Amino acid sequence: MDEFWPLFGLRLAFRDVVLRPMRESDLPHLAAVLPDDVGHDPRLALFGSQSFAENERRLFCQGYWKSLGAWDPASWVLHFVVSWRGEDVGVQTLEGENFPALRTVDSASWLVREARGRGVGVAMRTAMLQFAFGELGAVAAITSATVANAASLGVSRRVGYRENGVSRIVDTGGDVVELQHFRLTAAEWPGAGTTVTGFPPCRPWFGLGG
């Protein structure tokens, strides 16, 4: 598959964290270690025949398959597997809607509990942002998290995002919660020593010149 899907050869490395595009063969492990606090889009259907954990694992896999099947240079979602000290410990997602025109990326991520509080979250977000502002030429990056998600909010502030308003959503448990939005521009990004390999053949996949 690599010959017609060059994204699989992409690698982002920052400090002791490496990001690589997710493959289908990664799904069993990642679904098995998916933390119970990740959540999903509350608009997605839950099957009554499945437990909460089974639904979460199914939706995680479906999200990956959808990202591949619906890929378009103008609208894409790229899931990276996060490797730390040789172990796959989470996922960093990067997405661009109408990217060739808007040049804005959004992101989401999760880590297994054992890798939290060790700087991995900051490193993986840093690698993703440098790739977005550097190779992809993004002009802005946005992200959001519920106000109760102190860890995610802390990482966003640590890497330089500025608060950009609050909205209300229905979370995966059916409760109405507040969502804190953030924005970071290329002009505000100080840059980081991220090593990116395998990108040149991927340029057309992001609507960039060959």
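The values are calculated or read from the model by the stated rules, or taken from the named source; none is laboratory data. A quick note: this is a predicted structure, and the numbers were derived from the prediction, not measured. Because the Cβ atoms are built from the backbone with ideal geometry, glycine has one as well, and the counts that use them run over all protein chains shown. Ligands, DNA and RNA are excluded from the accessible area calculation, which covers all protein heavy atoms including side chains. Shrake-Rupley method; radii C 1.70, N 1.55, O 1.52, S 1.80 Å.
Considering the range 51-79, the residues that are loosely packed, with under 13 Cβ neighbours inside 10 Å, hydrophobic (A, V, I, L, M, F, W, C) and more than 17 Å from Cys202 (Cα to Cα) include one that is modelled with the highest pLDDT, namely Trp65.
Across the range 80-97, the number of residues qualifying as at pLDDT 95 or above and open to solvent by 40 Å² or more (accessible area, probe 1.4 Å) comes to 4. Note on the range 133-142: among residues that are within 22 Å of Pro204 (Cβ to Cβ) and not small (Gly, Ala, Ser), the one that is least open to solvent (accessible area, probe 1.4 Å) is Leu136. In the set Val166, Val112, which member is within 28 Å of Asp26 (Cβ to Cβ) and hydrophobic (A, V, I, L, M, F, W, C)? Being within 28 Å of Asp26 (Cβ to Cβ) and hydrophobic (A, V, I, L, M, F, W, C) holds for just one of Val166, Val112, which is Val112. Does Ala151 count as open to solvent by 50 Å² or more (accessible area, probe 1.4 Å), closer than 24 Å to Asp37 by Cα and part of a helix (DSSP H, G or I)? Taking the combined requirement at face value, the residue satisfies it. Applying the condition of being of a type in the set (Phe, Trp, Tyr) and more than 20 Å from Gly63 (Cα to Cα) to the range 1-41 and asking which residue is most open to solvent (accessible area, probe 1.4 Å) yields Phe4. Scanning the range 192-210 for residues that are open to solvent by 40 Å² or more (accessible area, probe 1.4 Å) and either under 22 Å from Ala151 (Cβ atoms) or assigned to a loop (DSSP other than H, G, I, E, B) (or both) yields Gly193, Gly209, Gly210. The set of residues in the range 158-181 that are without any contact (Cβ under 8 Å) to a residue 24 or more places away in the chain, open to solvent by 60 Å² or more (accessible area, probe 1.4 Å) and not in a strand (DSSP E or B) comprises Gly173, Asp175.
A quick yes/no check of all residues on (1) more than 20 Å from Ser109 (Cβ to Cβ); (2) charged (D, E, K, R); (3) more than 18 Å from the chain's Cα centre (by Cα):
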| position | (1), (2), (3) |
| --- | --- |
| Ala145 | no, no, no |
| Gly165 | yes, no, yes |
| Leu184 | no, no, no |
| Arg203 | yes, yes, yes |
| Phe206 | no, no, no |
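When we screen Ala145, Ala101 for residues that are open to solvent by 60 Å² or more (accessible area, probe 1.4 Å), among the small types (Gly, Ala, Ser) and within 26 Å of Ala70 (Cβ to Cβ), the only hit is Ala101.
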